[in-house]
1. Checking Glu382 against (1) within 16 Å of the ligand (Cβ to nearest atom); (2) surrounded by fewer than 20 Cβ atoms within 10 Å (Cβ to Cβ); (3) not hydrophobic (A, V, I, L, M, F, W, C): exactly one of these is not met. Which one?
2. Would you confirm whether any residue within the stretch 335-349 is under 18 Å from Ile179 (Cβ atoms) and outside any helix (DSSP H, G or I)?
3. Are there helices (runs of 4 or more DSSP H) fully within the stretch 211-330 with at least 3 residues that are away from the ligand (no atom under 12 Å from the Cβ), over 23 Å from Leu189 (Cβ atoms) and touching an Asp or Glu at 6+ places or on another chain (Cβ under 8 Å)? List them.
4. Among the residues of the stretch 363-422 satisfying the criterion of being of a type in the set (A, V, I, L, M) and closer than 24 Å to Leu108 by Cα, which is nearest to the chain's Cα centre (by Cα)?
5. In the stretch 89-206, which helices (runs of 4 or more DSSP H) lie fully inside it and hold 3 or more residues that are loosely packed, with under 14 Cβ neighbours inside 10 Å?
6. How many residues are assigned to a loop (DSSP other than H, G, I, E, B) and either under 16 Å from Glu163 (Cβ atoms) or touching a Leu at 6+ places or on another chain (Cβ under 6 Å) (or both) if we restrict to the stretch 361-397?
7. Residues in the stretch 173-188 that are in contact with a strand residue (DSSP E or B) (Cβ under 6 Å, 6 or more places away or on another chain) and either within 16 Å of the ligand (Cβ to nearest atom) or modelled with pLDDT under 95 (or both): how many?
Amino acid sequence: MALFFSKSRKLIYLKPKMGFLGSHFVHHHHTLISPNLKHPLRILGFYPPHFAFRRFESTKAEIQLNHMQNIDNNSQVLNFPGGKVKFTSHLNFIPETREERVHCYRVLDDDGYPVTSNFVQIDKEVALKMYTDMITLQTMDTIFYEAQRQGRISFYVTTLGEEAINIASAAALRMDDFIFPQYREPGVLLWRGFTIQEFANQLFGNKGDYGKGRQMPIHYGSNKHNYITVASTVATQLPHAVGAAYALKMDAKDACTIVYFGDGGSSTGDFHAALNFAAVLDAPVIFFCRNNGFAISTPVSDQFRSDGVVTRGEAYGIRSIRVDGNDALAVFTAVHEARKMAINEHKPVLIEALTYRAGHHSTSDDSTKYRPANEIEWWRTERDPVTRFRKWIEKEGWWSSQAESELRTSLRKQVLEAIQVAEKTEKPPIKDVFTDVYDVPPANLQEQETFTRETIRRHPQDYPTDVPI
Ligand SMILES: Cc1ncc(C[n+]2csc(CCOP(=O)(O)OP(=O)(O)O)c2C)c(N)n1
C-alpha cells in the first residue's frame, strides 16, 4: 500500500488488489477523517480534505472503516475503533505527573488506632493467626539469617518490614487462588500451612526439599499450597500469573491468581506485557507490587519518573489502588476487595503497597553502603508493621505481653529444632541432578552422569558424604 497527494491535495491511496503483498494498484479517493494536530500530515502543512487508511481487504476492516468515516459533526466525536473520542481545539498535552501524588489508603495509624471504619472487619481468630504468622516470619528471618552467617546455608533473603504485606494479603485470599511469588513472600506460603520444617528443608537442600536440592535457598514452592516455585529471574512470574488467571476464567473457577513483584520488577518488559494481556483478556489476576523503595541498591528515584507503580494501571485500563504496606488491615481490605473484582467481574487489579525493605536485599548485600543507617532505623522503629498490628490487637483485648513472650520463646525453639533436623537429614541422591526434565535422558546427560560418578569414585575426599551416590 502507498499514499500520495494529488494536485488537488487530495490524498490518494493505492490499494493493492491482491491483498497486502500484491503488486497491482488501483486508485481510490476517500472521505476525510479529520486528523488531530499530532498527525504527520498536519506537521507537513497539509490539510487534506479527504483521508482514509485501509489495510487489508477483510470484512472486519470494512466495518472499522465505515465506523471511522462516521463523524458526528454536531458533537465533534470521532468513532474510532475501540470507542468514541471527542475532538478538542485545546492543544493539551497530558502532564507527566498529576498535581498531587496518588493517595495511600490506610486504616491503622502508626499507633494502631483505626482512622476509619472503611475496612473489612476480621475476627479474633484470623487476627491472632495473622499476628502469630508475622512473628513466625520474623523469627525464621532472624535465625535463618544467622545460620547463613555461620556458613550453614549458602544464601538467604529476609522479609523484614514486609511482614504485613505477606501475611495480610495471604489472609484475604482463598486456598484455591494461585500464588505467583517473587522471592520476598514466604509469609504467603506460611499462612497456607507450609511448616517451619519444610522451609528449613528447602534452605538446607536436603531430601525433604520438594525441589530436590536443585535450587538456591529461598526458592520455595508447593503444589499442595498452590504456590508456584520462586524463579530467580525477576518478574518472569507476571505473564505466568496472567496465563493461569485466564485458564481459571475459562474453566469458570471461583478463583483468581495473585502475583507479587517489587518496584524493580515493574521496570521489566514482562511487567508491561503482563498488564496489557491481563487487561485485554479480562484475566482475574491481582498484580501486587511491593514498592519497598529499593531494587538492591537502586532507589525508586532511579527506577521510574512516574508516581510509583499505581499510576500505570490506568495506562493499561486496569483498576489500581495504593495502600500502606505497613498497615495489615489496609492490605487485607485492598486484597479482599480486589479478589472480588477479579473473580466476579473478571477484572485484573493492580495494588501498589508502599513499604520499606528494612533488611539488606539478601545475604550478599550490605544496604548501609547505599542508604543512611538512620533511615533504616526509622522504618524499623517508627513504621514497623508488626508492632502496629500488635497495638491494634492489644487494644481489642486479644493480646498480652505474656502471650507475646510465650509465642516468641516457642517459635525460637521450633525454628532451632527445624534447623537441627534439616541439617542432619541427608541430601537428595546424585541421580536427582539428572532427572525430571526429560522422560528419557539424552545421550549428553547420560555421559555427564557417568562422568560425575567416575570423578566421585576417583576423588571421594572432595565430595560431601551426605549425598548418596
Ligand atoms: C531478569 C533479572 N534481572 C536482574 C536480576 C538481579 N536481581 C535480583 S533481585 C533484583 C532486584 C529486584 O528488586 P525488586 O523487584 O524491587 O524487589 P525487592 O528485592 O526490592 O523485593 C535484581 C536486579 C534478576 N534476578 N533477574
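The values are calculated or read from the model by the stated rules, or taken from the named source; none is laboratory data. Only a predicted model underlies this, so the values are computations on that prediction, with no experimental measurement involved. When we count neighbours, we look across all protein chains shown, and the Cβ atoms used for this are built from the backbone with ideal geometry, even at glycine.
1. With (1) within 16 Å of the ligand (Cβ to nearest atom); (2) surrounded by fewer than 20 Cβ atoms within 10 Å (Cβ to Cβ); (3) not hydrophobic (A, V, I, L, M, F, W, C) applied to Glu382, the lone miss is (1).
2. Within the stretch 335-349 (the criterion being under 18 Å from Ile179 (Cβ atoms) and outside any helix (DSSP H, G or I)), the answer is yes, since at least one residue qualifies.
3. none
4. Filtering the stretch 363-422 for residues of a type in the set (A, V, I, L, M) gives 373, 376, 386, 393, 403, 407, 411, 415-416, 418-419, 421-422.
Right, trim to closer than 24 Å to Leu108 by Cα and you get 376, 386, 393, 403, 407.
On the way: Ile376: 24, Val386: 23, Ile393: 29, Ala403: 35, Leu407: 32 Å.
Ranking the candidates gives Val386 first.
5. Numbers: elements: 124-149, 163-171, 186-191, 196-204.
Those helices (runs of 4 or more DSSP H) span 124-149.
6. Number satisfying all stated conditions: 2.
7. Within the stretch 173-188, residues that are in contact with a strand residue (DSSP E or B) (Cβ under 6 Å, 6 or more places away or on another chain) and either within 16 Å of the ligand (Cβ to nearest atom) or modelled with pLDDT under 95 (or both) number 6.
For every residue, the table says whether it meets (1) surrounded by fewer than 20 Cβ atoms within 10 Å (Cβ to Cβ); (2) within 16 Å of the ligand (Cβ to nearest atom); (3) outside the structural domain of Ile165 (by the TED database).
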| site | (1), (2), (3) |
| --- | --- |
| Glu375 | yes, yes, no |
| Trp392 | no, no, no |
| Ala403 | yes, no, no |
| Leu407 | yes, no, no |
| Gln414 | yes, no, no |
